[in-house]
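Contents: one structure, followed by commentary.
Each value in this text was obtained by applying a stated rule to the coordinates, not by laboratory testing. None of these values were measured; they are calculated from a predicted model. Cβ coordinates were reconstructed from backbone atoms using ideal geometry, including for glycine residues, and neighbour counts include every protein chain displayed.
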Amino acid sequence: MTLAIYPGSFDPVTNGHLDLVEQSAAVFDRVIVAVLQNPAKSPLFTVEERMHWLRHAVRRFANVEVDQFQGLLVDYARLRGADVIVRGVREVADFEAERRMAQMNRHLHPTLVTVFLPTHSQYAYISSSLVKEVASLGGDVRGLVPGEVAEALYARFAQRQPAEGSESKPRGPSGAG
Ligand code: PNS
């Protein structure tokens, strides 16, 4: 039984993340999608919101569960008895930072193996931070994230007061947000 952890901020989950979940579910016996709870990072969405959308999106995979963790990833991996950490690599630019993280994790937990999975090219440009930026400016993010996440993004940015001097509030592309 190989237990893999796919950790991340998932603020919010994107279709690129879900591609990685699908690949991991096919390769490993069990997969835990682990959402980092890091108050220092001031995420846009609460850990409960992020887990809710993930749970909904991965419900078709019988061997995938969603959990949260705080502190060091290696400590969470020990707690869960995981063998593997999965990280997605979208492009060469991701690789250096991911390699540093993998090497640090190996230093801290020598038997924990990090596996890099390439994101399918149609998702390679999608990141949570770009999706948030585009949604905050009223751009269309449907097709990049699950539908309910797109709606939540527009709703969240519509709640935010425009900065002083700005001319309009962010809206969804339909004008509904
Ligand atoms: O989705 P992200 O933000 O790229 O995920 C980064 C994450 C959560 C995998 C990484 O920040 C992490 O593992 N944080 C937990 C704290 C930790 O273990 N830090 C040392 C990593 S070498």
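If you take the Cα centroid of segment 107-132 and the Cα centroid of segment 1-78, the two points sit 12 Å apart.
Ranked for footprinting exposure by Cβ neighbours inside 10 Å, fewest first, GLU151, GLU96, GLU49 give GLU96, GLU151, GLU49. Amide H to amide H distances under 5 Å link VAL89 with LEU117, THR119, where only residues 5 or more positions off or on other chains count and H is placed in the peptide plane. When the alpha-carbon atoms of segment 34-155 are used, the pair Rg, Dmax equals 15.8, 45 angstrom. A helix-only calculation puts the chain at -12500 deg cm²/dmol for mean residue ellipticity at 222 nm, using -39500 (n - 2.57) for each DSSP H run of at least four residues, averaged over all residues. Among ASP11, ASP75, the ranking by other beta carbons within 10 Å of each residue's beta carbon, starting with the fewest, stands as ASP75, ASP11.
Taking a ≥ b ≥ c as the square roots of the eigenvalues of the Cα gyration tensor, an a/c ratio of 1.5 or more together with a/b no larger than b/c marks segment 41-86 as oblate. Counting neighbouring Cβ atoms within 10 Å and putting the fewest first, the residues LEU137, LEU54 line up as LEU137, LEU54.
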